[in-house]
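Student: Supplied in structure tokens, the structure appears directly below.
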Amino acid sequence: MLDAAKRCCERWGVQKVTIDDIATDAGVSRATLYRLFPGGKDVLFDALRLRELEDFFTRMSADIDGHADLETLLVRMVVAATRELRDDRHLALMLAAEPGETLSQLTVAGIPRIESVASQFLVPLVEQYLPRRQSVQIVEVLSRLVISYFLAPSDVVDFGDRASAQHFVRTFLPAYTPVLTRS
């Protein structure tokens, strides 16, 4: 049903999709959808957003495996997240079709959800090097920075480029990470 909701959103946009559209695409009854998602469309879309975030961080996690130190981990996190955002076809379609709603889900309305899921996936990795509080802080800061630079690309910093991301981490994150290696 979540796949059906995603397909319908890509076809018509979030605002125009109805429960009937999703039920038809999924091959289930409207009643079945409401049984599984008692709050209707809003609850279903919240579930879809959460699943998409979990899928995003699962894909991203595969790209950051094998880090040797904190600096390598942070650089890989930033680069992998940026590349995932840039390559996300669904996100690109939603930004084109419904920029207001999509931007809201990447910023004001969505930031708490994004930070929560990012913390679930990334804080345990960072905690190998830093105390919990610092790990949470750095994941939050990097999440917000990656989203910001994705939405408003810079001519100076390119988080999708390893060398640029590494320069940024080395230059601006020592306040958070005094244990960064300097190789």
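The values are calculated or read from the model by the stated rules, or taken from the named source; none is laboratory data. This one's a predicted model, so the numbers in the text were calculated from it and none came from an experiment. With ideal geometry, Cβ positions are generated from the backbone for all residues, glycine too; neighbour counts draw on all protein chains shown. Note: areas computed on protein heavy atoms with side chains; ligands, DNA, RNA excluded. Shrake-Rupley method; radii C 1.70, N 1.55, O 1.52, S 1.80 Å.
Student: Name the single residue, out of those in region 62-77 being under 15 Å from the mean Cα position of the chain (by Cα) and surrounded by 15 or more Cβ atoms within 10 Å (Cβ to Cβ), that is farthest from GLN166 (Cα to Cα).
Tutor: ILE64
Student: Run VAL17 past the list (1) of a type in the set (Val, Ile, Thr); (2) surrounded by 19 or more Cβ atoms within 10 Å (Cβ to Cβ); (3) under 30 Å from VAL139 (Cβ atoms) and report the number of the one that doesn't hold.
Tutor: Only one criterion is unmet by VAL17, namely (3).
Student: Kindly provide the set of residues from region 1-52 that are among the hydrophobic types (A, V, I, L, M, F, W, C) and closer than 22 Å to PRO112 by Cβ, ordered by number.
Tutor: Correct list: LEU2, ALA5, CYS9, VAL14, PHE37, VAL43, LEU44, PHE45, ALA47, LEU48, LEU50.
Student: Taking GLY39, is it free of Cβ contacts under 8 Å to residues at least 12 places away in the same chain, closer than 23 Å to ILE111 by Cα and either of a type in the set (Ser, Thr, Tyr) or not in a helix (DSSP H, G or I) (or both)?
Tutor: Yes.
Student: Give ARG51, ARG59 a once-over and let me know the one that is closer than 30 Å to ARG11 by Cα, open to solvent by less than 60 Å² (accessible area, probe 1.4 Å) and among the basic types (Lys, Arg).
Tutor: ARG51
Student: Would you pick out the residues in region 129-162 that are in contact with a Leu (Cβ under 8 Å, 6 or more places away or on another chain) and open to solvent by 50 Å² or more (accessible area, probe 1.4 Å)?
Tutor: Scanning region 129-162 gives TYR129, LEU151.
Student: Looking at region 2-22, is at least one residue aromatic (Phe, Trp, Tyr) and more than 23 Å from the chain's Cα centre (by Cα)?
Tutor: For region 2-22, residues aromatic (Phe, Trp, Tyr) and more than 23 Å from the chain's Cα centre (by Cα): absent.
Student: Could you tell me which of the residues LEU48, LEU53 is under 30 Å from ILE19 (Cβ atoms), without any contact (Cβ under 8 Å) to a residue 60 or more places away in the chain and not in a loop (DSSP other than H, G, I, E, B)?
Tutor: Answer to the check: LEU48.
Student: Go through the residues of region 19-29 one by one and say whether even a single one is closer than 21 Å to ILE147 by Cβ and either among the aromatic types (Phe, Trp, Tyr) or at pLDDT 90 or above (or both).
Tutor: no
Student: Filter region 20-36 down to residues that are farther than 23 Å from ALA92 by Cβ and either among the charged types (D, E, K, R) or in contact (Cβ under 8 Å) with a residue 60 or more places away in the chain (or both) and give me whichever is surrounded by the most Cβ atoms within 10 Å (Cβ to Cβ).
Tutor: Restricting to residues being farther than 23 Å from ALA92 by Cβ and either among the charged types (D, E, K, R) or in contact (Cβ under 8 Å) with a residue 60 or more places away in the chain (or both), the top hit is ARG30.
Student: I've got another one for you. Which fully enclosed helices (runs of 4 or more DSSP H) of region 56-125 have 2 or more residues being charged (D, E, K, R)?
Tutor: The qualifying helices (runs of 4 or more DSSP H) are 70-87.
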